[in-house]
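A quick write-up on the structure given underneath.
Each value in this text was obtained by applying a stated rule to the coordinates, not by laboratory testing. Just so it is clear, the model here is predicted, and its values are computed rather than measured. For neighbour counting, all protein chains shown are included, and Cβ atoms are generated from backbone atoms with ideal geometry for every residue, glycine included.
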Amino acid sequence: MSEIIENLAKTVEGSNKNRDVTILTLSTCMWCKKCKAWLKDRDVQYKYVDVDKIDFEDKSKILDYLRKTYQSRISYPLMICDGEFVVGYNPNKYEELMKA
């Protein structure tokens, strides 16, 4: 994981700690809120960064990192779970990542 993401991420505690989960979100996005709720309902510990609440320079570094690392379009929420990722709200793919 990028050092900038690690430094900015806030942790949400949960008893399910068997995966390293980080999500990049927008604070006002309903799909991002659903993603956080999905994780909370399963008591998954995760880290998150509300990208719209950080300064422009940090945001640019994060977006560059995501584009280079995952070579995907950037959309929110973006969940990274043990190096695998899901773009957008997709509970079925989240389940697959949690079981892998």
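Averaging over every viewing direction, what projected area does the convex hull of the Cα atoms of the chain cover, in nm²?
Details: hull surface 23.1 nm².
Average projection, Cα convex hull of the chain: 5.8 nm².
Calculated from DSSP H runs of 4 or more alone, at -39500 (n - 2.57) each and per residue, what is the 222 nm mean residue ellipticity of the chain, nearest 500?
Working: 4 runs with 42 residues, N = 100.
Mean residue ellipticity at 222 nm (helix-derived): -12500 deg cm²/dmol.
Identify unpaired cysteines across the chain, taking unpaired to mean no other cysteine Cβ lies under 4.7 Å from the residue's Cβ.
Among the cysteines of the chain, those whose Cβ sits 4.7 Å or more from every other are CYS35, CYS81.
Quick one: dipole size for the chain, taken about the Cα centre, charges +1 on Lys/Arg Cβ and -1 on Asp/Glu Cβ, in debye to the nearest 20.
On the way: 17 positive and 16 negative charges, 61 e Å.
That gives the chain a dipole magnitude of about 300 debye.
Counting pairs of alpha carbon atoms under 8 Å apart in space and at least six apart in sequence, what relative contact order in percent does the chain give? Present the calculation step by step, with values, prior to reporting the outcome.
On the way: 144 pairs, mean separation 32.5, N = 100.
After rounding, I find 32 percent.
Please give every one of the lysines within straight-line cross-link reach of LYS99, meaning a C-alpha to C-alpha distance under 23 Å, and leave out same-chain neighbours fewer than 8 residues apart.
Qualifying lysines at Cα under 23 Å: LYS17, LYS33, LYS34, LYS36, LYS40, LYS47.
Where in segment 66-82 does the label zone of VAL12 land, with the point 7 angstrom along Cα→C-beta and an amide N cut-off under 16 Å?
Residues passing the 16 Å test: 76-81.
To check you understand DSSP bridge types, tell me what percent of the beta bridges within segment 3-99 (both residues inside) are antiparallel, rounded to 5.
Numbers: 11 of 16 bridges.
Bridges in segment 3-99 that DSSP calls antiparallel: roughly 70 percent.
Please give me the summed charge of the neighbours of THR28: other residues whose Cβ is under 12 Å from its Cβ, Lys and Arg +1, Asp and Glu -1. Present the calculation step by step, with values, prior to reporting the outcome.
Details: positive: LYS33, LYS53; negative: ASP50, ASP52.
Residues close to THR28 contribute a combined charge of 0.
Please check: in the Gaussian network model of the chain (C-alpha springs, under 10 Å), which one of TYR46, TYR70, TYR89 has the largest mean-square fluctuation.
The residue with the greatest mean-square fluctuation here is TYR70.
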